[in-house]
Amino acid sequence: MDAAEFRKRGKEMVEYIADYLEKIEKRQVFPDVEPGYLRPLLPDCAPQDPESFEDVFKDIEKIIMPGVTHWHSPYFFAYFPAASSFPALLADMLCGGIGCVGFSWAASPACTELETVMLDWLGKMINLPEEFLAGKDGQGGGVIQGSASEATLISLLAARTKTIRRVQSEKPELTEADIMGRLVAYASDQAHSSVERAALIGGVKIKSVSSDDAFSVCGSALKKVLDEDKASGLIPFFFCATLGTTPCCSFDKLLELGPICNKENIWMHIDAAYAGSAFICPEFRHLLNGVEFADSFNFNPHKWLLVNFDCSAMWVKKRSDLTGAFKLEPLYLQHHHQESGLVTDYRHWQIPLGRRFRSLKLWFVLRMYGVTGLQEHIRKHVRLSHQFEHLILQDERFEVCAKVVLGLVCFRLKGSNELNKALLKSIDEAKKIHLVPCHLREKFVLRFAICSRTVESTHIKFAWQHISQLATDLLKTWE
């Protein structure tokens, strides 16, 4: 394919993508395929000779689309939003076209510097304390990670290194292995599984802190487990607070937890993967109060801020905590500006060496939507979640299981877990809408997340009527 054909085929692909997104609600949201459906549709080996673009293109609908779950369908209410917008898609095209691997400032100055500025823009949008911003001479700053899971792992590893060095300076007789065996990380019993996975990768113990009746961790619960562990000779070093938990979008109490972590020399990381985007709206910013006590903070614009995956924004108060843990300087990666104090080499802030020009997506979206456009997107989703909540509360057969704060509603039929599993099975089999469950304490609960950029009130009403009718049919047979 030469440049001339690329121009032609590129226009065709843009038409196809635009058509796909414009008409996505006509597609069944969840596919009708069984595991292993795709292998019989493909040859056993790659072709020896080139095939035409036409042959590849026609196989998209024949082979790929039958197995696609349509995350951007207005009937997709599972997990959390996967952000997408036309400006972000265009920026991703440019990112692919430039094709730089921006591991250092010298590898692509614009790639590095735009990211630093965009994370400052985004930090100011959510009113982050000045300490987290790079500015012209700040000690903090932001970086784009691939996911919130990466941000949690990075912060845990940095906290581990920082703690080992501190303890060794206080007790030189202790080896690194002695200290590692006593380190303990903590997170809510509602925290995402990626926090436990970070501890697994980091080779440290992790303990759950019990949440309260609102599924939030409070200061007294953390203090209790810390006191017990310190009395046992363990070394608490890391706490992951969650703002907007995956099961029910609950919020840990930062104003109680932060001072405890600061007093005990514990790194506090805040995971706000989903909820963080809402903090650009003044009416939701109070949910971030207490961030001033944190060492690191993360949320995903690729969930709810119209920036398509992957774009996970992470900030640290002291970037030297990251670079001190991960910095290596082989000659082939060095450049003559690195000691100037004016440049950032993001390879020291992350797990992989290579990185794409992801800040282009932020730049395009922030400029073409503006803060007000993004705020309206968030507010619309929150309004729709309350619309769905209102419909549930009008039906005495159902109950809402957690406070509806943002765009997630947790609900169930009043009755047994088996009854609710049967309702979800009916929803899954009908394939009109897509949602997933969670456990809240002993209850099997259905999660209804407002996800699509194009979802409207009519889709909410359809979803509720569909669920309500399936419940009616189920209860007849159940009784």
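The values are calculated or read from the model by the stated rules, or taken from the named source; none is laboratory data. None of the values given here were measured: they were computed from a predicted structure. Virtual Cβ from ideal backbone geometry, glycine too; neighbours counted across all protein chains shown. Surface areas here come from the heavy atoms of the whole protein model, side chains and all, with no ligands, DNA or RNA. Shrake-Rupley method; radii C 1.70, N 1.55, O 1.52, S 1.80 Å.
Numbers at a glance
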quantity: Accessible carbon and sulfur surface of the range 100-356 relative to its total accessible area, %, 1.4 Å; calculated: 54
quantity: The range 51-90 residues near the modelled Thr372 label - backbone nitrogen below 13 Å, point 7 Å along Cα→Cβ; calculated: none
quantity: For the range 418-479, convex hull of alpha carbons as volume per residue, Å³; calculated: 83
quantity: Subset of Lys162/Lys263; Lys224/Lys303; Lys224/Lys443; Lys403/Lys461; Lys23/Lys432 violating a 23 Å alpha-carbon distance limit; calculated: Lys224/Lys303; Lys224/Lys443
quantity: Filtered trypsin sites (Lys or Arg not before Pro), the range 92-181: DSSP coil and at most 12 other beta carbons within 10 Å; calculated: Lys136
quantity: Alpha carbon centroid spacing (whole Å) that separates the range 272-307 from the range 219-247; calculated: 22
quantity: Per residue, in Å², the accessible surface of the range 3-84 once ligands and nucleic acids are set aside, probe 1.4 Å; calculated: 69
quantity: Per residue accessible area in Å² of the range 100-356, where ligands, DNA and RNA are left out and the probe is 1.4 Å; calculated: 40
quantity: Whole-number D in µm²/s for the range 100-356 (Stokes-Einstein; Kirkwood sum over Cα pairs; 4 °C, 1.567 mPa s); calculated: 70
quantity: Simple spin-label estimate for Leu475 and Glu170 in nanometres, 7 Å along Cα-Cβ; calculated: 5.9
quantity: With eigenvalues of the C-alpha gyration tensor scaled by 5 and rooted, the range 1-74, Å; calculated: 24, 21, 7
